[in-house]
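Below is one structure, written out as structure tokens; comments come after it.
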Amino acid sequence: MSDFETYTCEHCGEPFRAHPSANAAENGYCSPACETAGKEL
Ligand SMILES: [Zn+2]
């Protein structure tokens with residue numbers, strides 16, 4: 001049951017693992033901090 005996939009954070013460029021159905025996968029950010037920073041452009 002390993003449905004996690006590797007994504008690259010849109011903000012810091014770090015690879016991170018998330019479930020495809022998770023918000024992180026949809027948003028493309030590894031953490032809430034990166035999501036906030038990425039959207040403040
Ligand atoms: Zn990040």
Filtering region 23-36 for residues that are surrounded by 14 or more Cβ atoms within 10 Å (Cβ to Cβ) and on the phi < 0 side of the Ramachandran plot leaves a count of 8
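Of all residues in region 6-15, which are buried (at least 18 other Cβ atoms within 10 Å of the Cβ) and either among the basic types (Lys, Arg) or under 8 Å from the mean Cα position of the chain (by Cα) (or both)?
Narrowing region 6-15 to residues buried (at least 18 other Cβ atoms within 10 Å of the Cβ): 7, 9, 11.
Within region 6-15, TYR7, CYS9 meet the criteria.
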The number of residues in region 1-38 that are part of a helix (DSSP H, G or I) and either touching a residue at least 40 places away in the same chain (Cβ under 8 Å) or within 12 Å of the ligand (Cβ to nearest atom) (or both) is 9
Across region 1-21, the tally of residues that are within 21 Å of LYS39 (Cβ to Cβ) and aliphatic (A, V, I, L, M) stands at 1
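Every read-out reported here was derived from the displayed coordinates using simple, explicitly stated rules and does not represent laboratory data. Just so you know, these numbers come straight off a predicted model, no measurement behind them. Note that each Cβ is placed from the backbone with ideal geometry, even for glycine, and that neighbours are counted across all protein chains shown.
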